[in-house]
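Structure record follows, encoded as structure tokens.
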Amino acid sequence: MPPSIDDWLPEDHPARFISEVVDEMLDLDEIYGSYAGEGAPPYDPAMMLKLLLWGYSSGVTSSREMERRCVTDVAFRFLTANQFPDYRSISRFRRRHMVALRGLFTQVLVLCQGAGLIRLGRVGLDGTKVRASASRRKAMSYGYLVPRIEQLQAEVDGLLAEGERVDAAEDEQFGVDRRGDELPAELARRVSRLVKMRAAKQAMEEDARAKAAADKAAAEKKAAGKKAAGKTNRAPAGEPVKVGVGGPGDACPGSPVDPVTVDSEGAGPVDVNAGGDVVVAAKEQRSFTDPESRIMKMSDGGFQYAYNVQAIADEGGQVILAVNVIQAANDVNQLFDTVTVMGTQLDAAGIAGRPKVILADAGYCSDENLQHLGEVDSAVLIATGRVRHGEQVPAAPRGRIPKNATLRERMARRLRTKPGHADYARRKAIIEPVFGQMKTRQHAGQLRLRGLDGATGEVLLHALVHNLRKLCNVSFNPGLLIG
């Protein structure tokens, strides 16, 4: 008898758990239904899903490496039943079924709830940066992009003129009906790069317009508040100046484009002036490989093209309840959006109730967030950071809260009570290990798919696999459950 691949894999191997979950516990109708009217899929979708889940669970996110492992790794061969899908099929399957992953994530949440991993007591909210599939070397700043567009346009015009001259010479030499009208290969490369550069320029200008409008609205709201309180605004320190390649005050050269407008110290976008100039910082950059990613400061202090991943995890088993992928580097405006995503996900999984306490670090602290905490169904504890000058926050709060206490002072006072201190002390132990485990075990710190939709789908896949690993650990060792 030929050897059986089933005999090569230990009975308690996690790959067997992945196989059982896909075969017996997950509803794959959405995935199978996507092939209706197209004929049979090239490989069994259940097998491909097992391969994808096990690859991400073991830190293999490259489709080419998955193809190699299907030949050399026993666990991969067990899950694929000695089939060897090529990397293109694996990559296309992953990209095709990103939408179905949200339904699978919900199904895994239901399984975690049934296993007692979700308690909805304390939950931790935090954000982490994950590197996009984008190279810093294939990007340009706005200040460099504008003159380069004109330069490339001149080169393209020159190549076109040269092509026409060559065509005329060859027509005279070979006749008008003979071949010889091919343009130089260099032209195609420059034209395609010019298209990408113009698209990047337009995207940066649109982002700047949106930011200017938001800043203007915020400034008007702040001014109205000060006016109501009897205060006046100071006169602006300086007027915006136009900055070109030649220096302050010079218009940016290029085809008819709006000049770069920055503040007097070149710090970044300020406003749209009366002339309608586009407000874009000269140092604003855009990647050509993944235009939807953004430059962000990473945990090692460097700057990379990345996405900001917001996540909420439950204390009971460190199960991820919700993920939200955004392009903004700052966490402060993501509190309510991520909590809303969590509520939607819990409702979809049929999990009743909401967490008792949501714990968030100082990155989410703002007067606006503190003002609207009453709209959340759970108690929210947000670190307020260092005590500011003039704030009255006792080390051990007792008695009534002063009537004139600000929202920050009230939150800081609450965190210093015994129940508040006991709750917030658990924040790091709930959410931060989740990011560490995903980035170390699953290599989730580097994404493979490009674009916001691709990044969102891949992060959701990482979260799904993380929850499966927690479920697998409890299945093998029930003692891992907390309290």
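No value in this document is a laboratory result; all are computed from the given coordinates. This one's a predicted model, so the numbers in the text were calculated from it and none came from an experiment. Cβ: placed from backbone, ideal geometry, glycine included. Neighbour counts: every protein chain shown.
Protection proxy ranking of 216-224, 357-365, 464-472, by the mean of other Cβ atoms within 10 Å over each peptide's residues and highest first, is 464-472, 357-365, 216-224. When each of 462, 13 is scored by the number of other beta-carbon atoms lying within 10 Å, the sequence from fewest to most is 13, 462. Summing Cβ point charges (Lys, Arg +1; Asp, Glu -1) relative to the Cα centre of region 5-97 gives a dipole of roughly 660 debye.
Computed over region 292-389, the P(r) curve from all C-alpha pair distances, binned at 5 Å from the origin, holds 2, 11, 20, 22, 19, 14, 8, 3, 0, 0 percent per bin.
Averaged over residues, the count of other Cβ atoms within 10 Å places the peptides 82-92, 374-384 in the sequence 374-384, 82-92, highest first. For region 5-97, dividing the convex hull volume of the Cα atoms by the residue count gives 93 Å³ per residue. Taking the Cα centre of region 408-459 as reference, the dipole from Cβ charges on Lys and Arg (+1) and Asp and Glu (-1) amounts to some 420 debye.
For region 302-461, the average shadow cast by the Cα convex hull is 11.3 nm², which is a quarter of the hull's surface.
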